[in-house]
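Here is the structure we will look at, set down as structure tokens.
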There are 2 protein chains.
Amino acid sequence: MTVTAPAGFEAAGIAAGIKRSGALDLAVVVNRGPAQQAAVVFTANRAQANPILWSKEAAKDGLVSAVVLNSGGANCFTGPEGFQVVHRTAEAAASALGVAAGDVLVCSTGLIGEQLDGEVLEEGVLSAVARLGADDGSGDDAARAIMTTDTKPKTVIVEGAGWRIGGMAKGAGMLAPGLATMLVVLTTDAVLDAGALDRALRNATRVSFDRLDSDGCMSTNDQVTLLSSGASGVVPDEAEFADALARACLDLAAQLQADAEGASHDITIEVRGAVTEDDAVEVGRSVARNNLFKAAIFGNDPNWGRVLAAIGTTTAPFDPYLVDVSMNGVRVCHAGRPDRPRDEVDLAPRATHVLIELHNGPATATILTNDLTHDYVHENSAYAS
Amino acid sequence: MTVTAPAGFEAAGIAAGIKRSGALDLAVVVNRGPAQQAAVVFTANRAQANPILWSKEAAKDGLVSAVVLNSGGANCFTGPEGFQVVHRTAEAAASALGVAAGDVLVCSTGLIGEQLDGEVLEEGVLSAVARLGADDGSGDDAARAIMTTDTKPKTVIVEGAGWRIGGMAKGAGMLAPGLATMLVVLTTDAVLDAGALDRALRNATRVSFDRLDSDGCMSTNDQVTLLSSGASGVVPDEAEFADALARACLDLAAQLQADAEGASHDITIEVRGAVTEDDAVEVGRSVARNNLFKAAIFGNDPNWGRVLAAIGTTTAPFDPYLVDVSMNGVRVCHAGRPDRPRDEVDLAPRATHVLIELHNGPATATILTNDLTHDYVHENSAYAS
């Protein structure tokens, strides 16, 4: 089901031969309408892959008929030839679907700096389009076809009052800043114009994917796409839709966190008592990116000194001698000084909760991250092989 | 020799019993004059240890008679009791040396959040002062007494025209932003006033310790102290002295890099063709802090895509399609596209050179960093044990 759960959508996932392993590597998601409204959020990285350059232009008018996604190559830093491959891919999908190439988005993920074979992509798109509507597993195949180092597909369905939101995501690692090496497609059969979709999507990504910061690295290929078919005929309450979309994105973000490369702890960093929400985010992110803190959590060491040292590198207003830090419910630091003994903290569970209370204001934010492990180092040192 | 190489200085390093191992853990460096000019640079971290709070005040008048340094505890986030320990330490040294407590700096390194025993510190200071001038090895003992996870002491001597600079440093890990978990004492017998010392020290740290970024983490305890005894009677050319001091700091920085916790590669990131020097530093630092790049180098993988992706996260002006990247002399990326095959790059040597040519302006900067290794994760997950 996933992206095909809402009415009006079809999908397919096939093995186009991009991956040498023969695994699924190409997905198509098609919006059969009646509406074809869309909103898209792109990576904030200024080094952008060819599919990002293409999709930004294609999404500008808020109309999208289809999304083609491939794993097995990022098509980034591949020059004009790489852009030609994207163009050819979009043209192939447009021609097979009877839509305009300018209404087809393209997403790619995999290694940077390797050329994709345009012919393989084109044939893959034709095969995928030929399979549309073939069977119930098509949405799941699509979710599998976009996986790289992911160990499992990530999908979500949220039910509204007469409408649905479906989604799929990939991105086991490099989950970061603005967005992660993360491809996400969300679909809905609710009736919403492009403006409302855009507001809902920006709000949802701000509190979900933007607060998932696995390793501090930002990808060149991140793209989150929201498509609306309007096929339910139901016009939802905009706030209710926005809330449902945020829940869908939070669910996918948690799945991405749980499958982060080599991680042994899923760390939720909750910051309370900041002056502003931006301050709370900055504090949480600085801790999430602190390699010493992340290595300590890997070693089940509730090293709160590293938390405070990380906070000290931010520009957020705080007084070290007001700060409390709790780990998994045990307050190890009170007012910037040692409180409960470290050995009372049980960091054996994968789920790790770090509560930072700044006692400096009303604002809160939660950042999701992972620990720094031997497996992280291994997987990312061997990725190219 | 080290800090005792210039005339007018004495030092001692002893085992005060702060470290349970019985290793050397307390050092005293004394300036016997005739001058007692000093300049100090402190961590930019806003979470500052008690010895930093003390030393900042003590150094304000530009007069420093002695520095007491201990390993075995950072005395950070230890509250008012921790500050009392610093005060007591300075008073003990002042009383034993016949100087003012306000002219004694204190530096500490070790775990955060653990109380130091003031009595142990006081007795240690008295023992150390009693050994001053005892033998030739005193400078080396001092350099050993400030080690934590360092595998070797770091010292330097630079000869001027009738004057000398000596130095010692510690900090095998957490080398970072503004400064690193790094304690450095530099001594000179050249005749310079506090203003000239300050200018020379800020210039020297800017191009040395500030550009050493092993793991992106900033310590709460960093302190670089420069003491001048004037005992040579020689007034040096200010530019010549500044240059010699920068060379001393670069030498110590290279020693710190070479001994970084768990590192298997010393990576020199040279950025050329930036619009401004600040841009070049930002670009180099973003690459130095990119865990994916650092893990790739550990795996001997010349993954230039991760270099470009890291540059894309900066605010520095650049055009991805102008950028060249070379690793150990092989240009693997030209104009933002693949150039020489990756397998031509030999990353087996510990010394690794990454050249980033932005072709966008005249400015350059070099950042020193390390790779991200299994041993880094291990050492930092087990540090507290």
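Residues of B:113-125, mean number of Cβ from any other protein chain within 10 Å of their own Cβ, rounded to a whole number?
Taking the mean over all residues of the peptide, I get 1.
For every helix of n ≥ 4 consecutive DSSP H residues, a contribution of -39,500 (n - 2.57) applies; sum these over chain B, divide by its total residues, and give [θ] at 222 nm rounded to the nearest 500 deg cm²/dmol.
Calculated from helices alone, the mean residue ellipticity at 222 nm is -9500 deg cm²/dmol.
Which residue fluctuates the most in chain B, going by a Gaussian network model with Cα springs under 10 Å, if the choices are B:K19, B:K154, B:K170?
Maximum fluctuation in the GNM of chain B, among the listed residues, is at B:K19.
In whole Hz and in residue order, list the ³J(HN,Hα) couplings for the range A:37-44 that follow from phi through the Karplus curve 6.51 cos²θ - 1.76 cosθ + 1.60, θ = phi - 60°; x for Gly and Pro.
6, 8, 9, 9, 10, 10, 3, 8
Can you compute 3J(HN,Hα) from phi for each residue in the range A:267-272, using the Karplus curve 6.51 cos²θ - 1.76 cosθ + 1.60 with θ = phi - 60°, rounded to whole Hz and x for Gly and Pro?
Coupling constants for the range A:267-272: 9, 9, 9, 9, 10, 10 Hz.
Could you give log10 I(q)/I(0) at q = 0.08 Å⁻¹ for chain A, computed by the Debye formula over C-alpha point scatterers of equal weight, without solvent?
-0.42
Between A:A15 and residues 5 or more places away or on another chain, which pairs have amide H atoms under 5 Å apart, with H built 1.01 Å from N, and which residues are they?
For A:A15, the qualifying residues are A:D25.
Counting partner chain Cβ atoms within 10 Å of every residue's Cβ in A:288-298, what's the average?
Mean inter-chain Cβ contacts per residue within 10 Å come to 6.
Whole number please: convex hull volume per residue of the Cα set in the range B:222-309, in Å³?
Cα convex hull per residue, to the nearest whole number: 142 Å³.
Return the single residue from A:A49, A:A310, A:A351 with maximal mean-square fluctuation; model: Gaussian network over chain A, springs between Cα atoms under 10 Å.
Largest GNM mean-square fluctuation: A:A351.
Tell me the distances, shortest first, between A:E57 and the same position across the other copies, using label points 7 Å along Cα→Cβ, in nm to one decimal.
6.5
With θ set to phi - 60° and the Karplus curve 6.51 cos²θ - 1.76 cosθ + 1.60, what are the ³J(HN,Hα) couplings of the range B:64-81 in order, to the nearest whole Hz, using x for Gly and Pro?
For the range B:64-81, the Karplus-derived couplings read 9, 9, 7, 10, 9, 10, 10, 9, x, x, 7, 6, 10, 6, 10, x, x, 4 Hz, x marking Gly and Pro.
Label-to-label distances across copies for B:S95, with labels 7 Å out along Cα→Cβ, in nm, shortest first?
So the label point of B:S95 gives 9.2 nm to the other copies.
Could you list which residues have their amide H under 5 Å from that of B:G73, counting only those 5 or more apart in sequence or on another chain, with H placed in the peptide plane?
When sequence neighbours closer than 5 places are left aside, the close amide H contacts are B:T109, B:G110, B:L111.
Using the 7 Å Cα-to-Cβ label point, sort the distances from B:G33 to its equivalents in the other copies shortest first and give them in nm to one decimal.
Those separations, rounded to one decimal, come out as 9.4 nm.
If you add up the charges near B:S264, with Lys and Arg at +1 and Asp and Glu at -1, over every other residue whose beta carbon is less than 12 angstrom from its beta carbon, what do you get?
-2
Across peptide A:299-306, what mean number of C-beta atoms from other chains lies inside 10 Å of a residue's C-beta?
The mean count of partner-chain Cβ atoms within 10 Å per residue comes to 6.
Write down Rg/Rh for the protein assembly as shown, rounded to two decimals, with Rg from the C-alpha atoms and Rh from the Kirkwood relation over Cα pairs.
Taking Rg over the Kirkwood Rh, I get 1.04.
Given A:K19/A:K294; A:K294/B:K60; B:K154/B:K294; B:K152/B:K294; B:K56/B:K154, which pairs have Cα atoms separated by over 27 Å?
A:K19/A:K294; A:K294/B:K60
Can you tally the net charge around B:T220? Count Lys and Arg as +1, Asp and Glu as -1, for every other residue whose Cβ sits under 11 Å from the Cβ of B:T220.
Taking every Cβ under 11 Å from that of B:T220, the sum is +1.
Can you figure out the FRET efficiency of A:A335 with B:E91, using R₀ = 35 Å and their beta-carbon distance, to the nearest 0.05?
Working from the Cβ atoms, E equals 0.85.
If you find the alpha carbon centre of the range A:279-350 and of the range A:23-87, how far apart are they in angstrom?
Between the Cα centre of the range A:279-350 and that of the range A:23-87, the gap is 39 Å.
By the scheme Lys and Arg +1, Asp and Glu -1, what is the net charge of all other residues having a beta-carbon under 12 Å from that of A:P320?
Cβ neighbours under 12 Å give a net charge of 0.
Carbon and sulfur atoms: what percent of the 1.4 Å accessible area of chain B do they account for?
Answer for chain B: carbon and sulfur cover 50 percent of the accessible area.
Obtain the nm distance between the two label points defined at B:R202 and B:Q84 by a simple spin-label model: each point lies 7 Å from its Cα along the Cα-to-C-beta direction.
Once both label points are built, they end up 3.7 nm from each other.
The values are calculated or read from the model by the stated rules, or taken from the named source; none is laboratory data. Remember, predicted model here, so these are calculated numbers, not experimental data. Every residue, glycine among them, receives a Cβ derived from its backbone with ideal geometry; neighbour counts consider all protein chains shown. Ligands, DNA and RNA are stripped out before the accessible areas are found, and what is left, the full protein with its side chains, is counted by its heavy atoms. Shrake-Rupley method; radii C 1.70, N 1.55, O 1.52, S 1.80 Å.
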